[in-house]
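Student: Handing you a structure now.
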Amino acid sequence: MTRLLLLLIGTAALVGAGSTFAQSEYDCMIEARQNIEIRSPVEAMIESVRVKRGDSVTKGQVLVTLESGPERAASALAQSRAEAVGEIRAARARVDITLKKLGRAEELVKQNFISVNARDEAEAEHKLASEELRRALENQMIAGHEAKRAREVLAMRTIRSPFSGVVVEVLLKPGEFGAITFKDPILKLAEIDPLHVEVILPVSLYGKVKLKQRATVMPEQPVGGRYDTVVRIVDKVVDAASGTFGVRLELPNKNFALPAGVRCKIQFH
């Protein structure tokens, strides 16, 4: 809510002509903590939209799936390569055999049954087998990274909620492209627990409102009621044109009992 709109609905409504700051009521607006547009990170056809307008969603819940046949196949192939151990087992077997041959060659050299050159050949064969094992292990590590990348690419085809909130609007449907351009949102979400209470106060009250100060919020009818809240932000910059400054309070809203976008009155304690 802009400073201008809050000024239009009234900056301060005093209770009685001689009311003190603590006895006064001020106009405020209850707003969502954040409103975001959900977009596709890739250009792909929408496979399903799993929510509808007005639905409550939890953090991490699947909102939209995109078509992902090739990506699933690539991920499965990369995972199979990462889990393949046949080459490593064969390389280890060659290392074991060449190590035994080298050991026998060492003994035979000591007994003068074979030449030193024969022992050197056995040693070289063992080193070569060890190098093949090292390459096999490196290849498996690289395959593991490729599998991780393939999983990340596949994960981009599943769009999840970044927070718990409500669906404000669904803009695209299955069968449409999720990202013809990155300006096209698929749906809109609002986080409404906690809610933000925005108040614009005259500069004469600067310094009287403190961080963590408590207040009572009274939403307009038909919502009604009285709710305890606490100051989270007091602006450090005053708007010179209007002679006002802003204050934000935080209002818990478990079970989404209160809607966002409601005008209210607030009384500071």
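The values are calculated or read from the model by the stated rules, or taken from the named source; none is laboratory data. Values in this document were obtained by computation on a predicted structure and should not be read as measured data. Ideal geometry is used to build each Cβ from the backbone, glycine not excepted, and the neighbour counts take in all protein chains shown.
Student: Being modelled with pLDDT under 95, in a helix (DSSP H, G or I) and surrounded by 13 or more Cβ atoms within 10 Å (Cβ to Cβ), is that true of even one residue in segment 18-30?
Tutor: Checking segment 18-30: at least one residue is modelled with pLDDT under 95, in a helix (DSSP H, G or I) and surrounded by 13 or more Cβ atoms within 10 Å (Cβ to Cβ).
Student: Based on this model, can you work out whether THR229 counts as outside the structural domain of MET45 (by TED's automatic domain parsing), polar (S, T, N, Q), without any contact (Cβ under 8 Å) to a residue 40 or more places away in the chain and in contact with a strand residue (DSSP E or B) (Cβ under 9 Å, 6 or more places away or on another chain)?
Tutor: Working: outside the structural domain of MET45 (by TED's automatic domain parsing): yes; polar (S, T, N, Q): yes; without any contact (Cβ under 8 Å) to a residue 40 or more places away in the chain: yes; in contact with a strand residue (DSSP E or B) (Cβ under 9 Å, 6 or more places away or on another chain): yes.
For THR229, the condition - outside the structural domain of MET45 (by TED's automatic domain parsing), polar (S, T, N, Q), without any contact (Cβ under 8 Å) to a residue 40 or more places away in the chain and in contact with a strand residue (DSSP E or B) (Cβ under 9 Å, 6 or more places away or on another chain) - is met.
Student: Surrounded by 15 or more Cβ atoms within 10 Å (Cβ to Cβ) and part of a loop (DSSP other than H, G, I, E, B): does that describe VAL64?
Tutor: no
Student: So which of GLU138, GLU191 ends up being more than 30 Å from ALA260 (Cβ to Cβ) and either at pLDDT 95 or above or surrounded by fewer than 17 Cβ atoms within 10 Å (Cβ to Cβ) (or both)?
Tutor: Every option except GLU138 fails the conditions.
Student: Could I ask something else about it? Do you know which residues across segment 41-63 are under 22 Å from ARG149 (Cβ atoms) and out of contact with any Ser or Thr (no Cβ under 7 Å at 6 or more places or on another chain)?
Tutor: Selection gives PRO41, VAL42, GLU43, ALA44.
Student: Among LEU102, LEU128, which is modelled with pLDDT under 95 and either under 48 Å from the mean Cα position of the chain (by Cα) or part of a helix (DSSP H, G or I) (or both)? Full working, then the answer.
Tutor: Details: LEU128 fails: modelled with pLDDT under 95.
Only one candidate qualifies: LEU102.
Student: Turning to a different aspect of this structure: Against the definition (small (Gly, Ala, Ser), surrounded by 13 or more Cβ atoms within 10 Å (Cβ to Cβ) and under 30 Å from ILE186 (Cβ atoms)), how does ALA155 come out, yes or no? Steps first, please.
Tutor: On the way: small (Gly, Ala, Ser): yes; surrounded by 13 or more Cβ atoms within 10 Å (Cβ to Cβ): yes; under 30 Å from ILE186 (Cβ atoms): yes.
In short, yes.
Student: Here is a list of conditions, (1) in the same structural domain as GLU47 (by TED's automatic domain parsing); (2) modelled with pLDDT of 95 or more; (3) of a type in the set (Val, Ile, Thr), and VAL197 meets all of them except one; can you say which number that is?
Tutor: Here VAL197 clears every test but (1).
Student: List the residue pairs whose Cβ atoms are under 7 Å apart, where the first residue sits in segment 51-76 and is small (Gly, Ala, Ser), the second is part of a helix (DSSP H, G or I), and the two are 6 or more positions apart or on different chains.
Tutor: Listed by first residue and then by second, the contacts come to SER56/PHE256; SER68/LEU154; ALA74/ALA150; SER75/ALA150; SER75/ARG151; SER75/LEU154.
Student: Additional query: Filter segment 194-227 down to the residues that are within 29 Å of the chain's Cα centre (by Cα) and either polar (S, T, N, Q) or farther than 22 Å from PHE256 by Cβ (or both) and list them by number.
Tutor: The first filter runs over segment 194-227 and keeps only residues within 29 Å of the chain's Cα centre (by Cα), leaving 194-198, 211-212.
If the condition is that a residue be within 29 Å of the chain's Cα centre (by Cα) and either polar (S, T, N, Q) or farther than 22 Å from PHE256 by Cβ (or both), then LEU211, LYS212 are the ones that fit.
Student: Scan the strands (runs of 3 or more DSSP E) fully inside segment 155-269 and keep the ones with 1 or more residues being touching a Lys or Arg at 6+ places or on another chain (Cβ under 9 Å) and under 23 Å from VAL42 (Cα atoms).
Tutor: 158-160, 165-170, 187-191
Student: Also, I was wondering about something else. Any residue in segment 84-96 that's of a type in the set (Asp, Glu): show its pairings with residues that are in a helix (DSSP H, G or I) at Cβ separation under 6 Å, as long as the two are six or more apart or on different chains.
Tutor: Note: pairs meeting the criteria are GLU87/ALA136.
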